[in-house]
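Have a look at the structure below before the remarks.
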Amino acid sequence: MILHITQQSLWDAAQVEGTYSWSTRGSRLDEVGFIHASQPHQVAAVAEFVYHDQPQDLLVLVLDETALAEAEISVQFEDGGSGELYPHLYAPLPVKLVRSAEPAGFDSSGKFWWGNRP
């Protein structure tokens with residue numbers, strides 16, 4: 001399972017367009033070259049680093065690696081700068097390949113959650 005954190009408004013626009021083309025907060029795929037993603041054990045740290053000052057309007061897109069491979073979307077696990085490998089998608093993401101879009105945010109203590117609210 002690969003996860004990508006985004007804003008509800010960007011996901012809504014992608015559903016109209018048919019593809020999602022944001023790399024990370026404030027940066028498009030064509031600017032960065034890939035879509036940042038994470039593995040389940042990495043998603044909370046990524047959320048806290050990138051979205052700590054925006055606790056609302058967040059979603060976690062759940063992606064299936066097999067479906068991505070079948071659609072010939074290249075996923076490379078690359079060093080995020082600390083030696084830890086993060087998945088990077090090197091193509092626009094067709095919305096039909098997103099298994100689910102789970103609500104996400106930060107609880108009152110600042111801990112990140114996604115899926116079912118704590």
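Between 0 and 90 degrees, rounded to the nearest ten: what's the tilt of helix 8-17 against the longest Cα principal axis of the chain? Between the helix axis and the principal axis of the chain, the angle is about 20 degrees. Database remark: amide H of residue 22 closer than 5 angstrom to the amide H of 29 (H placed geometrically; neighbours at sequence offset of 5 or more, or on other chains; Pro and chain starts carry no H). Legend: ranking of residues 77, 49, 34 from fewest to most surrounding C-beta atoms inside 10 Å; resulting order 49, 77, 34. Backbone geometry of segment 80-87 corresponds, through the Karplus equation with coefficients 6.51, -1.76 and 1.60 at θ = phi - 60°, to 3J(HN,Hα) couplings of x, x, 10, x, 7, 8, 10, x Hz, x marking Gly and Pro. Here the relative contact order of segment 1-66, from alpha carbon pairs under 8 Å that lie six or more residues apart, stands at 54 percent. Measuring nothing but how far apart in sequence close Cα pairs (under 8 Å, 6+ apart) lie, relative to its length, segment 21-118 scores a relative contact order of 31 percent.
Every number in this text was worked out from the coordinates using simple rules, so none of it is lab data. Fair warning: this is a prediction, and the values are worked out from it, not measured in the lab. Note that each Cβ is placed from the backbone with ideal geometry, even for glycine, and that neighbours are counted across all protein chains shown.
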